[in-house]
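Everything on this sheet refers to the single structure shown next.
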Amino acid sequence: MEASQPTSQDLPTPTTTTTTATTTNSTMTPVKILSQNMNSHYYVTHAYYKREERINGLIEHLNDYDVVGLQEMFTLNTYFNVAGEELRTRVTNAWKHKHVVVSDPAPVFQQDCGLVILSKYPIVDSQTLFYAKRSPTEVFSWKGALWAKIALPNGQFLEIINTHLDAHTAYMRKTQIAELSQVFIQAKGELQNRQVLAMGDWNVSSVNTDKSLTQEYRDLVSTLKLTALRDKYYIAHEPTYFRRPFCLDHFFFSSRLNVLPQTFAKLRLKSSQQVDISDHNGITVTIQFPTSTVDSEKDD
């Protein structure tokens, strides 16, 4: 829901789809993944707008995917209760599979990371990272990252990194990206031996006025040492954020993953096509894995 460095005001408006995934090979099984910022915040007034309806809209679409990473499903520790816990529980209970991990709780009077990972397949390990540094404007929001290791039925593992970076200063984002890279990419083993997909609201707008890539985005890709999905497939860096023409939501992946092109997911409440579920477009990607028993996995 939050903005980054200014970019061109004449960028194209968000479209439902930027490209269509190619047909999967018969020996491979597709795993469809959604990254969605939900704009369910407690320190930003516009996040209260039709929140119940927007959560209902997410739930209507949720089980169209095999793995879902959500940002801004914040909870607020008020000391007396945890605001937002009921909304988040509604979402996780609506997931038809058992496998869910949420970010760790925050201290009193603080918001947590607001991150959720839902998976069709078992989550065998997970970890929350609260970023060590935050800008003064985000002192009450414990921004961070959530990592999950998912066991596929064919014996392989898929690692998901879901994050939400500082919305206000490029310097703070730079330090957070470096911390994420150290904790979840460098410290967990040789990248060439792992299947890693990083997603989220990076609050790094990727294009300049002339449609060239911003230096901050280039630095992000360089620090992560992961492949940028849009760049690999020459997908337009169209806005993912409605309030300003910024492209803030991105996928990055390790070289071992067999990834199909990305699409936008402009999700709306099915009963009212006038209600977008968030002020961000979701982004989706399909990853292919050797079939083995992946495609015969039964719903839990």
With respect to the numbered conditions (1) farther than 16 Å from Asn37 by Cα; (2) outside any helix (DSSP H, G or I), which one is the sole condition not fulfilled by Ser205? (1)
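Does Phe130 satisfy the criteria of being open to solvent by 40 Å² or more (accessible area, probe 1.4 Å) and in contact with a Gly (Cβ under 8 Å, 6 or more places away or on another chain)? Give the derivation first.
Working: open to solvent by 40 Å² or more (accessible area, probe 1.4 Å): yes; in contact with a Gly (Cβ under 8 Å, 6 or more places away or on another chain): yes.
The answer is yes for Phe130.
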Here the residues within segment 186-202 that are in contact (Cβ under 8 Å) with a residue 12 or more places away in the chain and not in a helix (DSSP H, G or I) are Lys188, Arg194, Gln195, Val196, Leu197, Ala198, Met199, Gly200, Asp201, Trp202
May I ask you to list the residues in segment 186-206 that are open to solvent by less than 10 Å² (accessible area, probe 1.4 Å) and farther than 24 Å from Phe242 by Cβ? Val196, Leu197
Counting only residues in segment 40-59 that are in contact (Cβ under 8 Å) with a residue 60 or more places away in the chain and surrounded by fewer than 16 Cβ atoms within 10 Å (Cβ to Cβ), the one farthest from Ala167 (Cα to Cα) is identified as Glu53
Go through segment 222-236 residue by residue and tally those that are without any contact (Cβ under 8 Å) to a residue 60 or more places away in the chain and closer than 20 Å to Phe264 by Cβ. 7
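For every residue, the table says whether it meets (1) of a type in the set (Phe, Trp, Tyr); (2) in a loop (DSSP other than H, G, I, E, B); (3) open to solvent by less than 30 Å² (accessible area, probe 1.4 Å); (4) modelled with pLDDT of 90 or more.
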| residue | (1), (2), (3), (4) |
| --- | --- |
| Leu11 | no, yes, yes, no |
| Thr15 | no, yes, no, no |
| Thr19 | no, yes, no, no |
| Thr22 | no, yes, no, no |
| Asn25 | no, yes, no, no |
| Met38 | no, no, yes, yes |
| Leu70 | no, no, yes, yes |
| Glu86 | no, no, no, yes |
| Arg90 | no, no, no, yes |
Of Thr227, Thr209, which residue is out of contact with any strand residue (DSSP E or B) (no Cβ under 7 Å at 6 or more places or on another chain) and either more than 28 Å from Ile59 (Cα to Cα) or open to solvent by less than 10 Å² (accessible area, probe 1.4 Å) (or both)? Thr209
Subset of segment 161-185, residues outside any helix (DSSP H, G or I) and surrounded by 24 or more Cβ atoms within 10 Å (Cβ to Cβ), comes to Ile161, Asn162, Thr163, His164, Leu165, Asp166
Need the failing condition index for Asp112 against (1) modelled with pLDDT of 90 or more; (2) within 30 Å of Leu260 (Cα to Cα); (3) open to solvent by less than 60 Å² (accessible area, probe 1.4 Å), just the number. (2)
Taking segment 106-121 and keeping only residues that are on the phi < 0 side of the Ramachandran plot and either without any contact (Cβ under 8 Å) to a residue 12 or more places away in the chain or within 19 Å of the chain's Cα centre (by Cα) (or both), one is left with Gln111, Asp112, Cys113, Leu115, Val116, Ile117, Leu118, Ser119, Lys120, Tyr121
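The values are calculated or read from the model by the stated rules, or taken from the named source; none is laboratory data. What you are looking at is a predicted structure, and each value in this text was computed from that prediction instead of being measured. As a convention, Cβ positions derive from the backbone with ideal geometry for all residues, glycine included, and neighbour counts pool all protein chains shown. Side chains included, ligands, DNA and RNA excluded: accessible areas come from the protein's heavy atoms. Shrake-Rupley method; radii C 1.70, N 1.55, O 1.52, S 1.80 Å.
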